[in-house]
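Enquirer: What follows is a single structure, and I will ask about it in a moment.
The values are calculated or read from the model by the stated rules, or taken from the named source; none is laboratory data. Everything numeric here is computed off the predicted structure, so don't read it as measured data. Cβ placement follows ideal geometry from the backbone for every residue including glycine, while neighbour counts extend to all protein chains displayed.
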Amino acid sequence: MDHSQVPVLDALAAYHSENQTPFTPPGHKQGRGADPRVRAILGDAVFHSDVLATSGLDDRVESKGVLAKAQELMADAVGADHTFFSTCGSSLSVKAAMLSVAGPHEKLLVGRDAHKSVVSGLVLAGIVPVWVDPQWDPERHLAHPPSAEAFRAAFAEHPDARGALVTTPTPYGTCSDLAAIAETCHRHGVPLIVDEAWGAHLPFHPDLPTWAMDAGADVCVTSVHKMGSGLEQSSVFHLQGDLIEPAVLKNRADLLGTTSPSVLVYAALDGWRRQMMEHGRRLYDDTLALAGRVRERIGEIEGMHVHGHEDFCGPDRAADLDPLQIIVDITGLGTTGYRIGDWIREHHRINLHLSDHRRTSAQLTHADDSRSTDALLAALRDVAAHAEELRPATPVEVPDPPELRLEQVMLPRDAFFGRVEQVPLDKAVGRVSAEMLTPYPPGIPAALPGERLDSAVLRYLRSGIEAGMVVPDAADTTVQTVRVSVEE
(Lines give C-alpha, C1' and ligand atoms only; values in the text may rest on other atoms or scores of the structure.)
Protein backbone atom coordinates (compact mmCIF):
# COMPACT_ATOMS: atom_id res chain seq x y z
CA MET A 1 0.00 0.00 0.00
CA ASP A 2 1.04 3.60 -0.49
CA HIS A 3 1.96 4.78 2.99
CA SER A 4 2.44 8.36 1.90
CA GLN A 5 -1.37 8.51 2.05
CA VAL A 6 -2.98 10.04 5.14
CA PRO A 7 -6.75 9.79 4.59
CA VAL A 8 -7.79 11.54 7.79
CA LEU A 9 -5.34 14.40 7.44
CA ASP A 10 -6.18 14.81 3.75
CA ALA A 11 -9.91 14.93 4.53
CA LEU A 12 -9.26 17.50 7.25
CA ALA A 13 -7.25 19.64 4.83
CA ALA A 14 -10.09 19.39 2.30
CA TYR A 15 -12.62 20.42 4.94
CA HIS A 16 -10.59 23.55 5.63
CA SER A 17 -10.01 24.36 1.97
CA GLU A 18 -13.71 24.04 1.14
CA ASN A 19 -14.62 26.55 3.87
CA GLN A 20 -17.49 24.39 5.06
CA THR A 21 -19.91 25.99 7.50
CA PRO A 22 -21.10 23.61 10.24
CA PHE A 23 -24.55 23.64 11.81
CA THR A 24 -23.54 20.56 13.79
CA PRO A 25 -21.47 19.90 16.89
CA PRO A 26 -18.96 20.85 18.16
CA GLY A 27 -20.63 23.99 19.41
CA HIS A 28 -17.53 26.17 19.35
CA LYS A 29 -17.88 26.26 15.51
CA GLN A 30 -14.20 26.17 14.51
CA GLY A 31 -13.23 28.10 17.60
CA ARG A 32 -15.39 31.13 16.88
CA GLY A 33 -17.35 30.56 20.04
CA ALA A 34 -14.43 29.60 22.23
CA ASP A 35 -13.35 31.95 24.98
CA PRO A 36 -10.36 33.97 23.71
CA ARG A 37 -8.58 33.22 26.98
CA VAL A 38 -8.87 29.51 26.23
CA ARG A 39 -7.75 29.98 22.63
CA ALA A 40 -4.73 31.92 23.84
CA ILE A 41 -3.55 28.83 25.73
CA LEU A 42 -4.72 25.99 23.48
CA GLY A 43 -4.19 27.75 20.17
CA ASP A 44 -6.64 28.29 17.33
CA ALA A 45 -5.43 25.21 15.44
CA VAL A 46 -6.90 22.87 18.05
CA PHE A 47 -10.39 24.27 17.59
CA HIS A 48 -9.97 24.65 13.84
CA SER A 49 -9.33 20.91 13.47
CA ASP A 50 -11.87 19.75 16.03
CA VAL A 51 -14.64 18.80 13.60
CA LEU A 52 -17.40 16.24 13.48
CA ALA A 53 -16.37 12.89 12.01
CA THR A 54 -19.63 12.30 10.12
CA SER A 55 -21.28 15.25 8.36
CA GLY A 56 -17.92 16.94 8.75
CA LEU A 57 -14.73 15.05 8.00
CA ASP A 58 -16.81 12.66 5.88
CA ASP A 59 -20.33 13.05 4.52
CA ARG A 60 -23.47 11.77 6.18
CA VAL A 61 -23.19 8.27 4.77
CA GLU A 62 -19.38 8.10 5.06
CA SER A 63 -19.10 7.55 1.32
CA LYS A 64 -15.43 8.53 1.29
CA GLY A 65 -14.53 5.82 3.80
CA VAL A 66 -11.91 8.07 5.37
CA LEU A 67 -11.58 6.19 8.66
CA ALA A 68 -11.78 2.77 7.00
CA LYS A 69 -8.91 3.68 4.67
CA ALA A 70 -6.80 4.97 7.55
CA GLN A 71 -7.39 1.77 9.53
CA GLU A 72 -6.55 -0.39 6.53
CA LEU A 73 -3.26 1.45 6.11
CA MET A 74 -2.45 0.99 9.80
CA ALA A 75 -3.14 -2.75 9.58
CA ASP A 76 -0.87 -3.03 6.56
CA ALA A 77 1.87 -1.07 8.34
CA VAL A 78 2.11 -3.57 11.17
CA GLY A 79 1.07 -6.79 9.42
CA ALA A 80 -2.34 -7.22 11.04
CA ASP A 81 -5.47 -8.45 9.26
CA HIS A 82 -7.64 -5.69 10.73
CA THR A 83 -7.06 -2.55 12.78
CA PHE A 84 -9.54 -0.43 14.69
CA PHE A 85 -8.94 3.07 16.03
CA SER A 86 -10.11 4.13 19.48
CA THR A 87 -10.31 7.67 20.80
CA CYS A 88 -11.06 6.41 24.32
CA GLY A 89 -7.63 4.99 25.06
CA SER A 90 -6.57 1.40 25.48
CA SER A 91 -8.77 1.25 28.55
CA LEU A 92 -11.65 0.91 26.09
CA SER A 93 -9.76 -1.21 23.58
CA VAL A 94 -8.77 -3.89 26.06
CA LYS A 95 -12.36 -4.13 27.36
CA ALA A 96 -13.63 -4.54 23.79
CA ALA A 97 -11.11 -7.33 23.23
CA MET A 98 -12.09 -9.09 26.46
CA LEU A 99 -15.81 -8.92 25.65
CA SER A 100 -15.07 -10.40 22.23
CA VAL A 101 -13.55 -13.48 23.84
CA ALA A 102 -15.57 -14.18 26.99
CA GLY A 103 -19.02 -13.32 28.30
CA PRO A 104 -20.76 -13.33 31.68
CA HIS A 105 -19.72 -16.26 33.90
CA GLU A 106 -17.21 -17.51 31.32
CA LYS A 107 -13.56 -17.96 32.26
CA LEU A 108 -10.64 -15.93 30.99
CA LEU A 109 -7.03 -16.56 31.99
CA VAL A 110 -5.54 -13.22 33.07
CA GLY A 111 -2.07 -12.31 34.26
CA ARG A 112 -2.47 -10.92 37.78
CA ASP A 113 -0.22 -7.98 36.87
CA ALA A 114 -2.99 -6.64 34.63
CA HIS A 115 -3.83 -2.94 34.46
CA LYS A 116 -6.89 -1.65 36.28
CA SER A 117 -8.69 -1.28 32.92
CA VAL A 118 -8.65 -5.09 32.62
CA VAL A 119 -10.25 -5.39 36.05
CA SER A 120 -12.85 -2.85 34.94
CA GLY A 121 -13.60 -5.14 32.00
CA LEU A 122 -14.12 -8.05 34.37
CA VAL A 123 -16.50 -5.95 36.44
CA LEU A 124 -18.51 -4.76 33.46
CA ALA A 125 -18.76 -8.14 31.74
CA GLY A 126 -19.09 -10.47 34.70
CA ILE A 127 -16.21 -12.56 33.37
CA VAL A 128 -14.71 -15.13 35.74
CA PRO A 129 -10.98 -14.39 36.04
CA VAL A 130 -8.54 -17.24 36.37
CA TRP A 131 -5.48 -15.44 37.67
CA VAL A 132 -2.07 -16.42 36.36
CA ASP A 133 0.69 -15.34 38.71
CA PRO A 134 3.55 -13.15 37.50
CA GLN A 135 7.15 -14.18 38.02
CA TRP A 136 8.40 -12.61 41.23
CA ASP A 137 11.97 -11.38 41.67
CA PRO A 138 12.50 -11.61 45.46
CA GLU A 139 15.83 -9.79 45.33
CA ARG A 140 14.45 -6.70 43.58
CA HIS A 141 10.83 -6.86 44.81
CA LEU A 142 9.56 -6.73 41.25
CA ALA A 143 7.07 -8.77 39.22
CA HIS A 144 7.74 -9.84 35.64
CA PRO A 145 5.02 -11.11 33.27
CA PRO A 146 3.70 -14.65 33.79
CA SER A 147 5.58 -17.43 32.05
CA ALA A 148 4.25 -19.62 29.28
CA GLU A 149 4.46 -22.55 31.70
CA ALA A 150 2.15 -20.72 34.12
CA PHE A 151 -0.43 -20.34 31.34
CA ARG A 152 -0.04 -24.01 30.40
CA ALA A 153 -0.71 -24.99 34.00
CA ALA A 154 -3.76 -22.72 34.16
CA PHE A 155 -5.22 -24.25 31.00
CA ALA A 156 -4.65 -27.73 32.40
CA GLU A 157 -6.70 -26.79 35.46
CA HIS A 158 -9.29 -24.76 33.54
CA PRO A 159 -9.69 -26.32 30.07
CA ASP A 160 -13.00 -24.46 29.65
CA ALA A 161 -11.30 -21.05 29.65
CA ARG A 162 -12.33 -19.05 26.61
CA GLY A 163 -8.94 -17.41 26.11
CA ALA A 164 -6.05 -15.65 27.81
CA LEU A 165 -4.84 -12.11 28.39
CA VAL A 166 -1.28 -11.07 29.13
CA THR A 167 0.28 -7.65 29.65
CA THR A 168 3.59 -7.11 27.87
CA PRO A 169 5.73 -5.06 27.96
CA THR A 170 5.06 -4.11 31.55
CA PRO A 171 5.53 -0.49 32.61
CA TYR A 172 8.99 -1.63 33.70
CA GLY A 173 9.73 -2.70 30.12
CA THR A 174 9.84 -6.45 30.75
CA CYS A 175 8.29 -8.79 28.18
CA SER A 176 6.65 -12.20 28.06
CA ASP A 177 7.55 -15.11 25.81
CA LEU A 178 4.54 -14.29 23.67
CA ALA A 179 5.19 -16.90 21.00
CA ALA A 180 5.06 -19.69 23.58
CA ILE A 181 1.93 -18.28 25.24
CA ALA A 182 0.20 -17.88 21.87
CA GLU A 183 1.10 -21.46 20.96
CA THR A 184 -0.40 -22.65 24.25
CA CYS A 185 -3.64 -20.78 23.60
CA HIS A 186 -3.93 -22.03 20.04
CA ARG A 187 -3.32 -25.60 21.11
CA HIS A 188 -6.53 -25.20 23.13
CA GLY A 189 -8.29 -23.52 20.21
CA VAL A 190 -8.74 -20.18 21.99
CA PRO A 191 -7.38 -16.68 21.32
CA LEU A 192 -4.66 -14.69 23.05
CA ILE A 193 -5.24 -11.02 23.89
CA VAL A 194 -2.12 -8.95 24.46
CA ASP A 195 -2.34 -5.69 26.36
CA GLU A 196 0.65 -4.12 24.62
CA ALA A 197 -0.18 -0.57 25.69
CA TRP A 198 3.53 0.22 26.07
CA GLY A 199 4.54 -1.30 22.73
CA ALA A 200 3.36 1.00 19.93
CA HIS A 201 6.93 1.33 18.67
CA LEU A 202 7.80 -2.37 18.66
CA PRO A 203 6.83 -3.18 15.03
CA PHE A 204 9.16 -0.55 13.62
CA HIS A 205 12.65 -1.73 14.56
CA PRO A 206 14.20 -5.23 14.63
CA ASP A 207 16.26 -4.54 17.77
CA LEU A 208 13.14 -3.95 19.87
CA PRO A 209 11.27 -6.85 21.51
CA THR A 210 9.04 -8.96 19.25
CA TRP A 211 5.63 -7.40 18.99
CA ALA A 212 2.40 -9.26 19.58
CA MET A 213 1.22 -9.85 16.00
CA ASP A 214 4.60 -11.27 14.97
CA ALA A 215 4.47 -13.58 18.00
CA GLY A 216 1.08 -14.98 16.97
CA ALA A 217 -1.32 -13.09 19.23
CA ASP A 218 -4.91 -12.81 18.04
CA VAL A 219 -5.69 -9.35 19.39
CA CYS A 220 -3.17 -6.71 20.35
CA VAL A 221 -4.11 -3.46 22.10
CA THR A 222 -1.68 -0.56 21.78
CA SER A 223 -1.66 2.92 23.32
CA VAL A 224 -0.13 5.06 20.60
CA HIS A 225 -0.05 8.04 22.95
CA LYS A 226 2.36 6.22 25.30
CA MET A 227 5.33 5.41 23.05
CA GLY A 228 4.21 6.83 19.70
CA SER A 229 3.20 10.24 18.37
CA GLY A 230 -0.51 9.95 19.11
CA LEU A 231 -2.47 12.38 21.23
CA GLU A 232 -3.62 11.33 24.68
CA GLN A 233 -6.42 8.73 24.50
CA SER A 234 -5.29 7.44 21.10
CA SER A 235 -5.32 3.67 20.91
CA VAL A 236 -5.47 1.01 18.23
CA PHE A 237 -6.37 -2.64 18.46
CA HIS A 238 -5.16 -5.10 15.87
CA LEU A 239 -6.69 -8.44 14.92
CA GLN A 240 -5.40 -11.44 13.02
CA GLY A 241 -6.47 -15.03 12.48
CA ASP A 242 -9.96 -16.52 12.57
CA LEU A 243 -10.54 -17.12 16.29
CA ILE A 244 -12.32 -13.76 16.70
CA GLU A 245 -14.64 -12.35 14.07
CA PRO A 246 -13.84 -8.75 13.06
CA ALA A 247 -17.55 -7.90 13.22
CA VAL A 248 -17.72 -9.11 16.82
CA LEU A 249 -14.71 -7.05 17.87
CA LYS A 250 -16.14 -3.97 16.18
CA ASN A 251 -19.51 -4.57 17.79
CA ARG A 252 -17.98 -4.76 21.27
CA ALA A 253 -16.00 -1.58 20.62
CA ASP A 254 -19.18 0.18 19.48
CA LEU A 255 -20.91 -0.96 22.66
CA LEU A 256 -18.31 0.74 24.85
CA GLY A 257 -17.06 3.60 22.70
CA THR A 258 -18.16 7.15 22.16
CA THR A 259 -20.45 8.23 19.33
CA SER A 260 -18.49 11.49 19.22
CA PRO A 261 -14.94 10.41 18.36
CA SER A 262 -12.18 12.99 18.22
CA VAL A 263 -10.98 13.77 14.70
CA LEU A 264 -7.87 15.27 16.31
CA VAL A 265 -7.01 11.85 17.72
CA TYR A 266 -7.76 10.10 14.40
CA ALA A 267 -5.59 12.59 12.51
CA ALA A 268 -2.62 12.12 14.83
CA LEU A 269 -2.89 8.32 14.53
CA ASP A 270 -2.95 8.62 10.75
CA GLY A 271 0.10 10.87 10.71
CA TRP A 272 2.04 8.69 13.14
CA ARG A 273 1.58 5.63 10.92
CA ARG A 274 3.00 7.52 7.94
CA GLN A 275 5.88 8.82 10.04
CA MET A 276 6.80 5.33 11.22
CA MET A 277 6.57 3.77 7.76
CA GLU A 278 8.72 6.47 6.18
CA HIS A 279 11.16 7.24 8.99
CA GLY A 280 10.63 4.76 11.83
CA ARG A 281 13.75 2.65 11.26
CA ARG A 282 16.04 5.68 11.21
CA LEU A 283 14.32 7.33 14.17
CA TYR A 284 14.72 4.23 16.30
CA ASP A 285 18.29 3.65 15.17
CA ASP A 286 18.99 7.04 16.73
CA THR A 287 16.78 6.50 19.79
CA LEU A 288 18.28 3.11 20.65
CA ALA A 289 21.78 4.52 20.38
CA LEU A 290 20.75 7.45 22.57
CA ALA A 291 19.24 5.08 25.14
CA GLY A 292 22.49 3.13 25.29
CA ARG A 293 24.47 6.27 26.04
CA VAL A 294 21.98 7.43 28.67
CA ARG A 295 22.04 4.05 30.40
CA GLU A 296 25.83 4.10 30.53
CA ARG A 297 25.99 7.62 31.97
CA ILE A 298 23.35 7.02 34.62
CA GLY A 299 25.27 3.93 35.67
CA GLU A 300 28.25 6.19 36.43
CA ILE A 301 26.26 8.18 39.02
CA GLU A 302 27.08 7.03 42.53
CA GLY A 303 24.12 5.33 44.19
CA MET A 304 22.28 4.57 40.95
CA HIS A 305 22.04 1.31 39.02
CA VAL A 306 20.30 1.01 35.65
CA HIS A 307 18.51 -2.30 35.21
CA GLY A 308 19.31 -4.17 32.02
CA HIS A 309 18.86 -7.62 30.49
CA GLU A 310 21.22 -9.15 33.00
CA ASP A 311 18.91 -8.11 35.87
CA PHE A 312 15.50 -8.66 34.35
CA CYS A 313 15.82 -11.43 31.75
CA GLY A 314 16.58 -15.14 32.02
CA PRO A 315 15.14 -18.29 33.64
CA ASP A 316 12.20 -17.50 35.94
CA ARG A 317 12.32 -13.89 34.80
CA ALA A 318 11.30 -11.91 31.73
CA ALA A 319 11.91 -13.09 28.17
CA ASP A 320 13.05 -9.68 26.90
CA LEU A 321 13.38 -6.02 27.84
CA ASP A 322 12.49 -2.79 26.07
CA PRO A 323 15.70 -0.72 26.40
CA LEU A 324 13.77 2.54 26.06
CA GLN A 325 12.32 2.13 29.55
CA ILE A 326 15.23 3.34 31.70
CA ILE A 327 14.60 1.76 35.11
CA VAL A 328 16.96 3.13 37.77
CA ASP A 329 17.42 1.44 41.15
CA ILE A 330 18.18 4.18 43.67
CA THR A 331 18.44 2.14 46.89
CA GLY A 332 22.12 3.12 47.03
CA LEU A 333 20.99 6.69 47.75
CA GLY A 334 19.13 5.60 50.87
CA THR A 335 15.81 7.07 49.81
CA THR A 336 12.74 6.18 47.73
CA GLY A 337 11.83 6.64 44.10
CA TYR A 338 8.85 8.71 45.24
CA ARG A 339 11.12 11.30 46.85
CA ILE A 340 13.55 11.26 43.93
CA GLY A 341 10.75 11.95 41.46
CA ASP A 342 9.22 14.73 43.56
CA TRP A 343 12.59 16.43 44.16
CA ILE A 344 13.51 16.40 40.48
CA ARG A 345 10.15 17.85 39.48
CA GLU A 346 10.46 20.62 42.07
CA HIS A 347 14.07 21.55 41.32
CA HIS A 348 14.43 20.75 37.61
CA ARG A 349 10.87 20.80 36.23
CA ILE A 350 11.42 17.29 34.88
CA ASN A 351 8.71 14.66 35.19
CA LEU A 352 9.95 11.13 35.62
CA HIS A 353 7.78 8.23 34.57
CA LEU A 354 7.31 5.56 37.21
CA SER A 355 8.52 5.70 40.79
CA ASP A 356 8.21 3.10 43.52
CA HIS A 357 9.79 2.35 46.87
CA ARG A 358 13.22 1.68 45.37
CA ARG A 359 13.20 2.76 41.72
CA THR A 360 12.48 5.62 39.42
CA SER A 361 12.34 5.59 35.64
CA ALA A 362 12.51 7.65 32.48
CA GLN A 363 10.68 6.71 29.30
CA LEU A 364 12.58 7.52 26.10
CA THR A 365 10.89 7.74 22.70
CA HIS A 366 11.82 8.82 19.19
CA ALA A 367 11.07 12.39 20.34
CA ASP A 368 14.08 12.51 22.68
CA ASP A 369 17.48 13.89 21.77
CA SER A 370 20.69 14.96 23.48
CA ARG A 371 19.05 18.13 24.78
CA SER A 372 16.30 16.32 26.68
CA THR A 373 18.56 13.54 27.91
CA ASP A 374 21.30 15.95 29.00
CA ALA A 375 18.69 17.68 31.17
CA LEU A 376 17.67 14.28 32.60
CA LEU A 377 21.27 13.36 33.38
CA ALA A 378 21.92 16.71 35.04
CA ALA A 379 18.83 16.26 37.23
CA LEU A 380 19.84 12.74 38.26
CA ARG A 381 23.37 13.85 39.12
CA ASP A 382 21.97 16.75 41.13
CA VAL A 383 19.52 14.64 43.11
CA ALA A 384 22.30 12.15 43.89
CA ALA A 385 24.39 15.03 45.25
CA HIS A 386 21.47 16.10 47.45
CA ALA A 387 20.41 12.62 48.54
CA GLU A 388 21.22 13.42 52.15
CA GLU A 389 18.25 15.81 52.16
CA LEU A 390 15.93 12.95 51.14
CA ARG A 391 16.92 10.58 53.93
CA PRO A 392 15.92 8.61 55.81
CA ALA A 393 13.69 6.71 53.45
CA THR A 394 10.24 5.95 54.82
CA PRO A 395 10.10 2.14 54.74
CA VAL A 396 7.50 0.39 52.57
CA GLU A 397 6.44 -3.03 53.82
CA VAL A 398 6.41 -5.06 50.61
CA PRO A 399 4.88 -8.51 51.26
CA ASP A 400 6.27 -11.76 50.00
CA PRO A 401 4.33 -13.21 47.04
CA PRO A 402 2.12 -15.59 49.11
CA GLU A 403 0.89 -12.64 51.19
CA LEU A 404 0.65 -10.27 48.23
CA ARG A 405 -1.46 -12.76 46.26
CA LEU A 406 -4.99 -12.45 47.61
CA GLU A 407 -7.69 -15.10 47.29
CA GLN A 408 -10.49 -14.36 44.81
CA VAL A 409 -13.66 -15.37 46.64
CA MET A 410 -16.31 -13.43 44.65
CA LEU A 411 -16.73 -12.35 41.07
CA PRO A 412 -15.32 -8.85 40.62
CA ARG A 413 -18.71 -7.72 39.30
CA ASP A 414 -20.64 -9.12 42.26
CA ALA A 415 -18.32 -7.51 44.79
CA PHE A 416 -18.28 -4.16 43.00
CA PHE A 417 -22.04 -3.85 42.53
CA GLY A 418 -23.14 -5.65 45.69
CA ARG A 419 -23.89 -4.26 49.13
CA VAL A 420 -20.88 -2.47 50.55
CA GLU A 421 -19.71 -0.63 53.62
CA GLN A 422 -16.71 1.52 54.49
CA VAL A 423 -14.71 0.15 57.41
CA PRO A 424 -11.54 1.24 59.24
CA LEU A 425 -8.33 -0.31 58.00
CA ASP A 426 -7.89 -2.57 61.02
CA LYS A 427 -11.42 -3.92 60.52
CA ALA A 428 -10.83 -4.68 56.83
CA VAL A 429 -8.54 -7.68 57.39
CA GLY A 430 -10.40 -10.81 56.29
CA ARG A 431 -13.11 -8.81 54.51
CA VAL A 432 -13.77 -8.93 50.76
CA SER A 433 -12.69 -5.82 48.89
CA ALA A 434 -15.43 -4.06 46.93
CA GLU A 435 -13.04 -1.66 45.21
CA MET A 436 -9.72 -1.50 43.43
CA LEU A 437 -6.76 -0.40 45.53
CA THR A 438 -4.24 0.58 42.92
CA PRO A 439 -0.81 2.15 43.42
CA TYR A 440 -0.47 4.49 40.46
CA PRO A 441 1.61 4.45 38.41
CA PRO A 442 1.85 1.72 37.22
CA GLY A 443 -1.88 1.17 37.75
CA ILE A 444 -1.83 -2.51 38.72
CA PRO A 445 -4.28 -3.19 41.57
CA ALA A 446 -2.81 -4.53 44.79
CA ALA A 447 -6.35 -5.55 45.71
CA LEU A 448 -9.40 -5.77 43.51
CA PRO A 449 -13.12 -6.40 43.94
CA GLY A 450 -13.84 -9.90 45.16
CA GLU A 451 -10.44 -10.53 46.77
CA ARG A 452 -10.20 -11.24 50.50
CA LEU A 453 -7.93 -8.68 52.12
CA ASP A 454 -5.08 -9.64 54.40
CA SER A 455 -3.02 -7.58 56.82
CA ALA A 456 0.13 -7.76 54.69
CA VAL A 457 -1.41 -6.05 51.64
CA LEU A 458 -3.11 -3.41 53.78
CA ARG A 459 0.17 -2.67 55.59
CA TYR A 460 1.87 -2.42 52.20
CA LEU A 461 -0.63 0.16 50.97
CA ARG A 462 -0.61 2.23 54.15
CA SER A 463 3.18 2.22 54.45
CA GLY A 464 3.41 3.01 50.76
CA ILE A 465 1.14 6.02 51.12
CA GLU A 466 3.22 7.27 54.05
CA ALA A 467 6.28 6.93 51.81
CA GLY A 468 4.69 8.80 48.89
CA MET A 469 2.63 6.20 47.03
CA VAL A 470 -0.63 7.37 45.42
CA VAL A 471 -3.78 5.19 45.44
CA PRO A 472 -6.19 7.39 43.48
CA ASP A 473 -9.05 5.00 42.76
CA ALA A 474 -9.85 4.11 46.38
CA ALA A 475 -12.96 5.65 47.89
CA ASP A 476 -10.62 6.79 50.68
CA THR A 477 -7.37 7.64 48.90
CA THR A 478 -5.51 7.62 52.22
CA VAL A 479 -6.56 3.96 52.71
CA GLN A 480 -7.35 4.59 56.35
CA THR A 481 -10.74 3.08 55.54
CA VAL A 482 -11.62 0.50 52.88
CA ARG A 483 -14.80 -0.26 50.94
CA VAL A 484 -15.73 -3.91 51.53
CA SER A 485 -18.57 -6.25 50.67
CA VAL A 486 -21.37 -6.90 53.11
CA GLU A 487 -21.31 -10.70 53.17
CA GLU A 488 -24.48 -12.64 53.91
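Enquirer: From the list GLU139, GLU157, which residue is over 19 Å from ALA447 (Cα atoms), modelled with pLDDT of 95 or more and surrounded by fewer than 24 Cβ atoms within 10 Å (Cβ to Cβ)? Spell out the reasoning first.
Expert: Values: GLU139 fails: modelled with pLDDT of 95 or more.
Answer to the check: GLU157.
Enquirer: Can you pull out the residues in segment 413-442 that are within 25 Å of the chain's Cα centre (by Cα) and not in a helix (DSSP H, G or I)?
Expert: Answer for segment 413-442, where residues must be within 25 Å of the chain's Cα centre (by Cα) and not in a helix (DSSP H, G or I): SER433, ALA434, GLU435, MET436, LEU437, THR438, PRO439, TYR440, PRO441, PRO442.
Enquirer: Is it the case that segment 416-427 has a residue that's more than 29 Å from PRO138 (Cα to Cα), out of contact with any strand residue (DSSP E or B) (no Cβ under 8 Å at 6 or more places or on another chain) and in contact (Cβ under 8 Å) with a residue 24 or more places away in the chain?
Expert: Yes: segment 416-427 contains one or more residues that are more than 29 Å from PRO138 (Cα to Cα), out of contact with any strand residue (DSSP E or B) (no Cβ under 8 Å at 6 or more places or on another chain) and in contact (Cβ under 8 Å) with a residue 24 or more places away in the chain.
Enquirer: Confirm whether ALA34 is of a type in the set (A, V, I, L, M, F, W, C), free of Cβ contacts under 8 Å to residues at least 60 places away in the same chain and closer than 21 Å to MET74 by Cα.
Expert: Working: of a type in the set (A, V, I, L, M, F, W, C): yes; free of Cβ contacts under 8 Å to residues at least 60 places away in the same chain: yes; closer than 21 Å to MET74 by Cα: no.
For ALA34, the condition - of a type in the set (A, V, I, L, M, F, W, C), free of Cβ contacts under 8 Å to residues at least 60 places away in the same chain and closer than 21 Å to MET74 by Cα - is not met.
Enquirer: Also, I was wondering about something else. Are any of the residues in segment 7-29 in contact with a Pro (Cβ under 7 Å, 6 or more places away or on another chain) and not assigned by TED's automatic domain parsing to the domain that holds PRO261? First the steps, then the outcome.
Expert: Within segment 7-29, the subset in contact with a Pro (Cβ under 7 Å, 6 or more places away or on another chain) is 29.
Pick out the ones that are also not assigned by TED's automatic domain parsing to the domain that holds PRO261 and you get 29.
Taking every residue of segment 7-29 in turn, at least one turns out to be in contact with a Pro (Cβ under 7 Å, 6 or more places away or on another chain) and not assigned by TED's automatic domain parsing to the domain that holds PRO261.
Condition check ((1) closer than 25 Å to SER120 by Cα; (2) of a type in the set (Ser, Thr, Tyr); (3) touching a Ser or Thr at 6+ places or on another chain (Cβ under 8 Å); (4) not in a loop (DSSP other than H, G, I, E, B)) across all residues:
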{"site": "THR222", "(1), (2), (3), (4)": "yes, yes, yes, yes"}
{"site": "LYS250", "(1), (2), (3), (4)": "yes, no, no, yes"}
{"site": "GLY271", "(1), (2), (3), (4)": "no, no, yes, yes"}
{"site": "ARG281", "(1), (2), (3), (4)": "no, no, no, yes"}
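Enquirer: Right, another one. Please determine whether any residue of segment 253-267 is free of Cβ contacts under 8 Å to residues at least 24 places away in the same chain, of a type in the set (Asp, Glu) and in the same structural domain as ALA97 (by TED's automatic domain parsing). So that I can check it myself, show each step before the final result.
Expert: If we filter segment 253-267 for residues that are free of Cβ contacts under 8 Å to residues at least 24 places away in the same chain, which is where we start, we get 254, 259.
Among the residues that remain, those that are also of a type in the set (Asp, Glu) are: 254.
Applying the additional criterion that residues be in the same structural domain as ALA97 (by TED's automatic domain parsing) yields 254.
Within segment 253-267 (the criterion being free of Cβ contacts under 8 Å to residues at least 24 places away in the same chain, of a type in the set (Asp, Glu) and in the same structural domain as ALA97 (by TED's automatic domain parsing)), the answer is yes, since at least one residue qualifies.
Enquirer: Hey, another quick one. Residues to consider are ALA70, ALA77, ALA125; find the one that is among the hydrophobic types (A, V, I, L, M, F, W, C), within 23 Å of GLY216 (Cα to Cα) and touching a residue at least 60 places away in the same chain (Cβ under 8 Å). Walk me through how you get there before you give the answer.
Expert: On the way: ALA70 fails: within 23 Å of GLY216 (Cα to Cα); ALA125 fails: within 23 Å of GLY216 (Cα to Cα).
None of the other options fit; the residue is ALA77.
Enquirer: Here's a follow-up. Here are some conditions: (1) without any contact (Cβ under 8 Å) to a residue 60 or more places away in the chain; (2) more than 16 Å from PRO315 (Cα to Cα). LEU92 meets all but one. Which one does it not meet?
Expert: (1)
Enquirer: In addition: Of all the helices (runs of 4 or more DSSP H) wholly in segment 311-412, which have at least 2 residues that are of a type in the set (Ser, Thr, Tyr) and surrounded by 13 or more Cβ atoms within 10 Å (Cβ to Cβ)?
Expert: Details: elements: 337-348, 370-385, 401-404.
It comes to 370-385.
Enquirer: While we're on this one: Tell me the residue from VAL482, VAL470 that is in a strand (DSSP E or B) and either of a type in the set (A, V, I, L, M) or modelled with pLDDT under 95 (or both), please. Give the steps one after another, and end with the answer.
Expert: On the way: VAL470 fails: in a strand (DSSP E or B).
Unique residue meeting the criteria: VAL482.
Enquirer: While we're here: Could you figure out which of (1) hydrophobic (A, V, I, L, M, F, W, C); (2) surrounded by 17 or more Cβ atoms within 10 Å (Cβ to Cβ); (3) outside any loop (DSSP other than H, G, I, E, B) isn't true of ILE301?
Expert: (3)
Enquirer: Only residues in segment 454-475 that are among the small types (Gly, Ala, Ser) count as the first member; pair them with residues that are in a helix (DSSP H, G or I), Cβ under 8 angstrom, at least 6 apart or cross-chain, and list the lot.
Expert: Final answer for the pair search is ALA456/GLU403; ALA456/LEU404; ALA467/TYR338; GLY468/TYR338; GLY468/ARG339; GLY468/ASP342.
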